[in-house]
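*Asks:* Handing you a structure now.
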Amino acid sequence: MQNSVALCDLDSGLHVFAYPLEYCMLVGLGVGADAPMQASDLLRRRAADPRRFGGWLPALFNDGSLYVVRRLSSDEEDGGGLLDDQIALGRELLN
């Protein structure tokens, strides 16, 4: 449904959201404001390997939470190995 966000908290402390757009799905992985990670840490990790991490865009929300956000391709939206690989990369950026 348009204009609806699905949220989920994982046991690992990561937050996940999915937001459907007209032609794709936006997915985000993040940590709360109380997490020890700083935005500079995330930017440094992403810049160290732009070929691997370039699809994940950093976002700092008003509440201080830090996310990486990605538009899923049509292949990734169906799930499977491509999506699993991208989620693993997003988690790696945040850990």
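*Asks:* Would you check if Asp49 is farther than 11 Å from Leu94 by Cβ and open to solvent by 40 Å² or more (accessible area, probe 1.4 Å)?
*Replies:* Numbers: farther than 11 Å from Leu94 by Cβ: yes; open to solvent by 40 Å² or more (accessible area, probe 1.4 Å): yes.
Spelling it out, Asp49 is indeed farther than 11 Å from Leu94 by Cβ and open to solvent by 40 Å² or more (accessible area, probe 1.4 Å).
*Asks:* Somewhere in the range 55-68, is a residue under 18 Å from Gly32 (Cα atoms), open to solvent by 70 Å² or more (accessible area, probe 1.4 Å) and touching a Lys or Arg at 6+ places or on another chain (Cβ under 8 Å)? Spell out the reasoning first.
*Replies:* Taking the range 55-68 and keeping what is under 18 Å from Gly32 (Cα atoms), we get 56-68.
From what is left, the residues that are open to solvent by 70 Å² or more (accessible area, probe 1.4 Å) are 57, 60-63.
Restricting the remaining residues to those that are touching a Lys or Arg at 6+ places or on another chain (Cβ under 8 Å) gives 57.
Yes: the range 55-68 contains one or more residues that are under 18 Å from Gly32 (Cα atoms), open to solvent by 70 Å² or more (accessible area, probe 1.4 Å) and touching a Lys or Arg at 6+ places or on another chain (Cβ under 8 Å).
*Asks:* Please verify whether the range 19-31 includes one or more residues that are at pLDDT 95 or above and assigned to a helix (DSSP H, G or I).
*Replies:* no
*Asks:* Moving on to the next point. Could you identify the single residue in Leu94, Leu26 that is surrounded by 14 or more Cβ atoms within 10 Å (Cβ to Cβ) and out of contact with any Phe, Trp or Tyr (no Cβ under 7 Å at 6 or more places or on another chain)? Walk me through how you get there before you give the answer.
*Replies:* Working: Leu26 fails: out of contact with any Phe, Trp or Tyr (no Cβ under 7 Å at 6 or more places or on another chain).
That would be Leu94, the only listed residue that is surrounded by 14 or more Cβ atoms within 10 Å (Cβ to Cβ) and out of contact with any Phe, Trp or Tyr (no Cβ under 7 Å at 6 or more places or on another chain).
*Asks:* Just checking, does the range 70-91 include any residue being modelled with pLDDT under 90, part of a helix (DSSP H, G or I) and among the small types (Gly, Ala, Ser)?
*Replies:* Looking for residues that are modelled with pLDDT under 90, part of a helix (DSSP H, G or I) and among the small types (Gly, Ala, Ser), one finds at least one in the range 70-91, hence yes.
*Asks:* Which numbered condition in (1) out of contact with any Pro (no Cβ under 9 Å at 6 or more places or on another chain); (2) more than 20 Å from Gly79 (Cβ to Cβ); (3) open to solvent by 60 Å² or more (accessible area, probe 1.4 Å); (4) not β-branched (Val, Ile, Thr) is the only one that Leu43 fails?
*Replies:* (1)
The values are calculated or read from the model by the stated rules, or taken from the named source; none is laboratory data. Computed from a prediction, not measured in an experiment: that's the story for all the values here. Neighbour counts run over all protein chains shown; Cβ positions are idealised from the backbone, glycine included. For the accessible areas, the whole protein counts, side chains as well, though only heavy atoms, and no ligand, DNA or RNA atoms are used. Shrake-Rupley method; radii C 1.70, N 1.55, O 1.52, S 1.80 Å.
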